[in-house]
1. Using beta carbons and a limit of 8 Å, which pairs, at least six apart or on different chains, have the first residue in the stretch 77-94 and under 14 Å from L197 (Cα atoms) and touching a residue at least 12 places away in the same chain (Cβ under 8 Å) and the second one basic (K, R) and crowded, with 23+ Cβ neighbours inside 10 Å?
2. Cβ-Cβ under 7 Å, sequence separation 6+ or interchain: first residue in the stretch 47-59 and closer than 13 Å to I108 by Cβ, partner assigned to a loop (DSSP other than H, G, I, E, B) and open to solvent by 70 Å² or more (accessible area, probe 1.4 Å). Which pairs?
3. Taking E111 and the conditions (1) of a type in the set (D, E); (2) surrounded by 13 or more Cβ atoms within 10 Å (Cβ to Cβ); (3) not in a helix (DSSP H, G or I), which numbered condition does it fall short on, given that it satisfies the others?
4. Is it the case that some residue within the stretch 125-133 is more than 29 Å from M182 (Cβ to Cβ), open to solvent by less than 30 Å² (accessible area, probe 1.4 Å) and aliphatic (A, V, I, L, M)?
5. How about the stretch 187-238: which of its residues are among the polar types (S, T, N, Q), modelled with pLDDT of 95 or more, more than 15 Å from the chain's Cα centre (by Cα) and surrounded by 14 or more Cβ atoms within 10 Å (Cβ to Cβ)?
6. Could you list, in sequence order, the residues of the stretch 81-108 that are of a type in the set (D, E), assigned to a helix (DSSP H, G or I) and within 12 Å of the chain's Cα centre (by Cα)?
7. Could you tell me which residue of the stretch 134-164 is least open to solvent (accessible area, probe 1.4 Å), considering only residues that are hydrophobic (A, V, I, L, M, F, W, C), assigned to a loop (DSSP other than H, G, I, E, B) and farther than 17 Å from A41 by Cα?
8. How many residues are among the hydrophobic types (A, V, I, L, M, F, W, C) and part of a helix (DSSP H, G or I) when one looks only at the stretch 1-53?
Amino acid sequence: MDIILVPGFWLDASSWEGVAPALEAAGHHPHPLTLPGKESADASRAGINLQDHIDAVVEVMDGLPGKVVLVGHSGGGAIIHGAVDARPDKVERAIYVDSGPLGEGGVINDELRVVGDDVPLPPWEDFDDADLVDLDDGLRQALRARAVPEPRGVARGRQQLHDERRYNVPVTVITCEFPSAMLQEWVAAGNPFVAELARIRDVEYIDLPTGHWPQFTKPSQLAKAILAAVDRTEVDEA
């Protein structure tokens, strides 16, 4: 199975280096992506918007021969949902890592500090305690050293969706900062925060208790969770 790995804010393809080898060892073909404007800290992010990141994922999908699994971490969840909407018949499963699908007109995060065209990684004290679970000083230093500013237009761009067949694509949500039971309670209560997720017809949940960056804090467990979701997909196909 071709598995496209979409990083969250401030991260590039290298953020999946603790996860991708296990996927490959299981016989799959991981494709970790570096999205436009994230090539380096010096790259230009002028004019790059959310649709540009969605289009970059779709371009990779279109270059692969069969159906794919999409994995999106954090803000990458909004991006893979846009790609599902663009190519619903091309996606076997969408896996959201401490993230979820962003509905029509939504923005990923318009509260982050902007510097010109950039959204830099905030200081650690700006994050909730739940974000930072298991992210020790060494991991924090490593993450900050590799962090690349997010394009302003990605953080603040509005999601534009067109094809309701996206709701037929099976979804796995890997919950890290809070238990999946809480997320399911929000869905049952009609919380607008999860309105788009509530419309998806086939959703499974996998709990992976840690902070917001499981690819760094628990990479082997994250790989196992992704593989479990992919294995279920292949069983369903059979």
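The values are calculated or read from the model by the stated rules, or taken from the named source; none is laboratory data. What you are looking at is a predicted structure, and each value in this text was computed from that prediction instead of being measured. Glycine also receives a Cβ, built like all others from the backbone with ideal geometry; neighbour counts cover every protein chain displayed. Calculation scope for accessible area: heavy atoms of the full protein, side chains included, ligands and nucleic acids excluded. Shrake-Rupley method; radii C 1.70, N 1.55, O 1.52, S 1.80 Å.
1. If the second residue must be basic (K, R) and crowded, with 23+ Cβ neighbours inside 10 Å, the pairs left are H81/R166; V84/R166; D85/R166.
2. Cβ pairs passing all conditions: Q51/Q160.
3. So E111 meets the others, but not (2).
4. So far as the stretch 125-133 goes, no, none of its residues is more than 29 Å from M182 (Cβ to Cβ), open to solvent by less than 30 Å² (accessible area, probe 1.4 Å) and aliphatic (A, V, I, L, M).
5. Result: T210, T217, Q221.
6. Matches in the stretch 81-108: none.
7. So the residue we want is L135.
8. Final tally of qualifying residues: 7.
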